[in-house]
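S.K.: Sharing a structure below in structure tokens format, with a few things to ask.
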Amino acid sequence: MKIDNTFRTADPDEMRRQLEGHESLLIPEVARLHERYASMTCPECDSPCRPVINTDRPFKPGQVTPNVLLHCNHCKAIFEPETKIIIRFGEAYDPLPTPADLFVNEPWDPLGS
Ligand SMILES: [Zn+2]
């Protein structure tokens, strides 16, 4: 038996029909989070921030939206929005290694120089 690994998207008209009459969970939650993040400032320098996907942990149990961290527009610190704990300082500081740094490939030097 041959397995077809082709990714197929659902028919948009059929998806609309299936969703009719159901309340959207995503739109109000995204609007709420957008407003909340826009009102938050950097715990290091009090500047505005923007949400970025937490690539180390992109999903949280029970959360319908992607898990995000906030990135300061000024000092580039990255912090967890719920606790305001700074996970990484920006370029103006000595950057702290994160688990994501472990997966960044160094340029391969075949001669080992
Ligand atoms: Zn900052």
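S.K.: Looking at region 45-59, I want the residues that are of a type in the set (Ser, Thr, Tyr) and have a partner that is not in a loop (DSSP other than H, G, I, E, B) with Cβ atoms under 6 Å, at least 6 apart or on another chain. Which pairs are those?
M.R.: Every condition considered, the pairs that remain are Ser47/Cys72; Thr55/Ala100.
S.K.: Could you tell me how many of the residues in region 63-74 are farther than 11 Å from Ile53 by Cα and either at pLDDT 90 or above or part of a strand (DSSP E or B) (or both)?
M.R.: 2
S.K.: Just to verify a result, which residue in region 40-63, among those that are surrounded by fewer than 14 Cβ atoms within 10 Å (Cβ to Cβ) and over 13 Å from the mean Cα position of the chain (by Cα), is nearest to the ligand (Cβ to nearest atom)?
M.R.: Going through the qualifying residues, I end up with Ser47.
S.K.: Okay, next question. Being polar (S, T, N, Q), surrounded by 11 or more Cβ atoms within 10 Å (Cβ to Cβ), without any contact (Cβ under 8 Å) to a residue 60 or more places away in the chain and assigned to a loop (DSSP other than H, G, I, E, B): is that true of Thr83 here? Explain how you work it out, then say what you get.
M.R.: Working: polar (S, T, N, Q): yes; surrounded by 11 or more Cβ atoms within 10 Å (Cβ to Cβ): no; without any contact (Cβ under 8 Å) to a residue 60 or more places away in the chain: yes; assigned to a loop (DSSP other than H, G, I, E, B): yes.
No.
The values are calculated or read from the model by the stated rules, or taken from the named source; none is laboratory data. Fair warning: this is a prediction, and the values are worked out from it, not measured in the lab. Cβ coordinates were reconstructed from backbone atoms using ideal geometry, including for glycine residues, and neighbour counts include every protein chain displayed.
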